Structure formats: C-alpha cells, structure tokens
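A short worksheet on the structure shown next.
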Amino acid sequence: MHFPRETSNLIANLRGIPEDRGRSRECAAFALGNIIEVLEERYKLGQEKIEDTIARHWKDLVGEHAAHRSCPLKVHGGGAILIIQIPNPVLRSEMGFKKAAILDRIRHLPGCSTIQQISFCA
C-alpha cells in the first residue's frame, strides 16, 4: 500500500528506520488514455505531415532525373523552409536554377502552402 510521504515518514519514525528526505514531490497519477490523447494532439501523431506529402509527390515535383539523387529532409522554421538533401554539387546547382518552379509546385500540394523557401544541403 502506498502512503503520502508524511505518513510514510511517520511510520518510519515509529519503526526506527530512516525517513525519506528526498526533494522529489509526488504528482497525481494520470490515466494512460489521457496522456496518449494529449501526445497525439501535441505531436500530431496519426496525421500526415508536410514532409510525407512532399516525399510522396517527389518525382512529380523535381522530375525523374533528380528524384533518385535527392530527397526532402525536413520542414524547418515553423513550416516555412523545406530542406532538401542533394549530395551531388552539379545537381544542386541545377536544382538551384529550378528553385522557383519547384517551390511553386510544392505550394500547390494540399497542406504545403506554408512553404516559403527551399534550402539545399549536401
């Protein structure tokens, strides 16, 4: 049986054993279902993210030639900047010239209108 710390310390004194002098405090227990609901809402679990939508349409966005040599990594800056990984410097330069067209295609995808900028990394 679990007692509050004050009660446990009183029992410990009566039994002649050391008290619990920890600084931690006891918190109320929460039902697991409530915690899961809060986490689902906070981290948008089960909902499609912008990155998923972009990855699913990647070939259509950048073309077949560049699609297998590049990939969208993450959306940064509160959903405004898309980071694209392109290890090949020549392809990175080529994609830089097409940046405006790619950004326009991305903005037309459902849920991706918040993307304002594209950034490339190696």
| remark: The exposure ranking of Cys27, Cys112, Cys71, Cys121, fewest beta-carbon neighbours within 10 Å first, is Cys27, Cys121, Cys71, Cys112
| Among (i) 1.08; (ii) 1.93; (iii) 0.98, the entry that matches Cα Rg over 2.2 N^0.38 Å as calculated here | (ii)
| remark: Along the dipole axis of the chain (charges at Cβ: +1 for Lys and Arg, -1 for Asp and Glu; origin at the Cα centre), the most positive-end residue among Asn88, Ala29, Gly46 is Asn88
| remark: Restricting to Cα pairs under 8 Å and 6 or more apart, the percent relative contact order of the chain works out to 19
| note | Scalar couplings 3J(HN,Hα) for the range 41-56 by Karplus 6.51 cos²θ - 1.76 cosθ + 1.60 (θ = phi - 60°), nearest whole Hz, x for Gly and Pro, are 6, 5, 9, 6, 5, x, 9, 6, 8, 4, 4, 5, 5, 5, 5, 5
| task | Would you calculate a helix-derived [θ] at 222 nm for the chain, using -39,500 (n - 2.57) for each DSSP H run of n ≥ 4 and dividing by the full residue count, to the nearest 500? | result | -12500 deg cm²/dmol
| request: Along Cα→Cβ, 7 Å out, is where each label goes; now give me the distance between the ones at Ile36 and His68 in nm to one decimal. | output: 4.2
| said: Going 7 Å from the Cα of Glu48 along its beta-carbon direction, which residues of the range 103-122 have the amide nitrogen within less than 11 Å of the resulting point? | reply: 109-112
| task | Largest first and to the nearest Å, give the Cα extent of the range 50-121 along each principal axis. | result | 29, 22, 19
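Bear in mind these aren't lab numbers, they're just calculated from the coordinates by the rules spelled out. A quick note: this is a predicted structure, and the numbers were derived from the prediction, not measured. Cβ: placed from backbone, ideal geometry, glycine included. Neighbour counts: every protein chain shown.
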